[in-house]
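Single-structure report; data block below.
The values are calculated or read from the model by the stated rules, or taken from the named source; none is laboratory data. Here the structure is a predicted model, which is why all the values come from computation and not from measurement. Here the Cβ positions follow ideal geometry from the backbone for every residue, glycine too, while neighbour counts run over all protein chains shown.
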Amino acid sequence: MTRPILHTLICSTRPGRVGPAVAQWAHGIAEAHGGFDARLVDLAAFGLPVFDEPEHPRLQRYTHEHTRAWSASVAEADAFLFVLPEYNFAPPGALVNALNYLVREWQYKAVGFVSYGGMSGGIRAVQVTKQLLGTLKVVPMLEAVAFTNVGQQLQAEGGLSANPANAAAATAMLDELLRWTSALQTLRS
């Protein structure tokens, strides 16, 4: 039996971002979990401009190579971990833009969240993202991981110093994500 593919998506694209350090930690937890074929994906690698396809994405008649590459990546995944910061009480614009590029590729998949930021730990960005995902038929998990004051948890060599409670929360989230991913498989078939 093949394990479902989980994309841990680095949702921030700005220079100097801390998303890669948080995502490396989350990806490591996903690999150790063992329920998924875990893959690390960086949204910045796709170079998506502000949505520039001439037709509605539900038609899947993409004219740009960046859209076709993004479509293939999202279609490949059975589930997602979004690693996202909070910018002005909201998710990064790059993530909102990336969501808008596609429709069918997202449908009937589940997503977990690893958020980070200041005092709120990015949870307001997660709440806004959940509203957007509902229109794409994506099931967001209740269980999540939130890194408050993430700058204090970054290590000099670029890693993240997470505490055991973060790891326990991530494992609980991945367990639930696996349940939903399995349940949604019928709808994706």
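Criterion first (small (Gly, Ala, Ser) and modelled with pLDDT of 95 or more) does ALA94 satisfy it? Yes; evaluated as a whole, the condition is true for this residue.
The rows are residues; the columns are (1) under 16 Å from HIS7 (Cα atoms); (2) of a type outside the set (Asp, Glu); (3) in a helix (DSSP H, G or I).
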site	(1), (2), (3)
ALA26	yes, yes, yes
ARG39	yes, yes, no
TYR62	no, yes, no
LEU99	yes, yes, yes
VAL111	yes, yes, no
MET119	no, yes, no
VAL126	no, yes, yes
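Scanning the stretch 145-184 for residues that are in a helix (DSSP H, G or I) and modelled with pLDDT under 95 turns up VAL150, GLY151, GLN152, GLN153, PRO164, ALA165, ASN166, ALA167. Pairs meeting the criteria (first residue in the stretch 178-189 and closer than 18 Å to HIS33 by Cα, second residue charged (D, E, K, R), beta carbons under 7 Å, at least 6 apart or on different chains) are THR181/ASP78. Applying the condition of being in a loop (DSSP other than H, G, I, E, B) and of a type in the set (Gly, Ala, Ser) to the stretch 1-24 and asking which residue is farthest from SER115 (Cα to Cα) yields GLY16. Checked against (1) touching a strand residue (DSSP E or B) at 6+ places or on another chain (Cβ under 7 Å); (2) at pLDDT 95 or above, LEU142 passes all but a single condition, namely (1).
The condition (being closer than 26 Å to TYR101 by Cβ, touching a residue at least 24 places away in the same chain (Cβ under 8 Å) and surrounded by 16 or more Cβ atoms within 10 Å (Cβ to Cβ)) is satisfied by just one residue among VAL150, VAL139: VAL139.
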